[in-house]
Amino acid sequence: MTTVVVALGGSLLRPEVEERHKWLEDMVGVVKNSVRSGVKLALVVGGGAPAREGIDLARPVIHDLSHLDRIGIAATRLNATIVREAIAEGGVEVSENIPKSIDEAVDELSDFPVVVMGGTVPGHTTDAVAIRLAVQFEADKCIIATNVAKVHSEDPRENPGAESFDRLTLDELQQIVGPPNHSDAGSSKVVDPVGVGEARENGLPLDVLDGRDPRRISSSINGEDFEGTMVTP
Ligand code: UTP
């Protein structure tokens, strides 16, 4: 059986468009179709707006990075609950529990075709959680669904002329995102450098793509060509 872990960037859940429930509705469809075709899925949801808002509110009073991280983790679990309940409403068999650790997620994945979770412990983002879960469960790959079309040589919001890549090695991706350290709560690189470090150590392939279009997530889950960056060992 194919198992795929998907890191869903928190910004995807709260798109700045009029019909903002549409993405969630489409994602439930993607999950339903994947399960129907026999794929096992773990979705790891990021913190997005509530994480940023909570961390910004607390930053002037809280200086310990791990304390700020815990605020981010709480937001990821709120978002995971929204995704989990929407999937359950869609009639898909999904673990009721939102796992709080990788070990718990591995157990739930053995019992259910779909598991949804947020963060685990301070020191990284949900990208790293997804990558760690994929390694531990021996998943076929990990999808990093974010809000840029491809990995670029530099942040395209700062340098619109940055080069974009269809394919990269994990070593090349590490060079782009920087060394595998957790430097700040709520900071956002295209893929968490800590996670990239673990993918490198374990030879885990990553598909990085624009999750605002759930069809791209679906193509990657099904092993079809997709628009995005394929990152291989
Ligand atoms: P996210 O996974 O949303 O990270 O976690 P991000 O890259 O900042 O944001 P997105 O995915 O682009 O929206 C939010 C914050 O929660 C803490 C970190 O501070 C992270 O930046 N966190 C999250 C943890 O400390 N551990 C976790 O397992 C997950």
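Please go through region 86-95 and pick out each residue that is surrounded by fewer than 17 Cβ atoms within 10 Å (Cβ to Cβ) and either touching a strand residue (DSSP E or B) at 6+ places or on another chain (Cβ under 9 Å) or assigned to a loop (DSSP other than H, G, I, E, B) (or both). If the condition is that a residue be surrounded by fewer than 17 Cβ atoms within 10 Å (Cβ to Cβ) and either touching a strand residue (DSSP E or B) at 6+ places or on another chain (Cβ under 9 Å) or assigned to a loop (DSSP other than H, G, I, E, B) (or both), then A88, G90, G91, E93 are the ones that fit. Scanning region 209-233 for residues that are among the small types (G, A, S) and open to solvent by 20 Å² or more (accessible area, probe 1.4 Å) yields S218, S219, G223.
Taking the criterion of being open to solvent by 20 Å² or more (accessible area, probe 1.4 Å) and on the phi > 0 side of the Ramachandran plot, the only residue of region 31-54 that qualifies is G38. The residue that is surrounded by the fewest Cβ atoms within 10 Å (Cβ to Cβ), among those in region 6-30 that are among the basic types (K, R) and within 16 Å of the ligand (Cβ to nearest atom), is R20. Looking at the structure I just gave you, is L68 on the phi < 0 side of the Ramachandran plot, open to solvent by 70 Å² or more (accessible area, probe 1.4 Å) and within 16 Å of the ligand (Cβ to nearest atom)? In short, no.
The condition (being open to solvent by less than 10 Å² (accessible area, probe 1.4 Å), within 28 Å of D64 (Cβ to Cβ) and not small (G, A, S)) is satisfied by just one residue among V190, V177: V177. Of the residues making up region 96-149, those that are open to solvent by 10 Å² or more (accessible area, probe 1.4 Å) and touching a His at 6+ places or on another chain (Cβ under 9 Å) are P122, G123, H124, T125, R132.
The values are calculated or read from the model by the stated rules, or taken from the named source; none is laboratory data. Not measured: the values here are computed from a predicted model. Cβ sites come from the backbone with ideal geometry, for glycine too, and all protein chains shown count toward neighbours. Note: accessible area is taken over every heavy atom of the protein model, side chains too, but ligands, DNA and RNA are not part of it. Shrake-Rupley method; radii C 1.70, N 1.55, O 1.52, S 1.80 Å.
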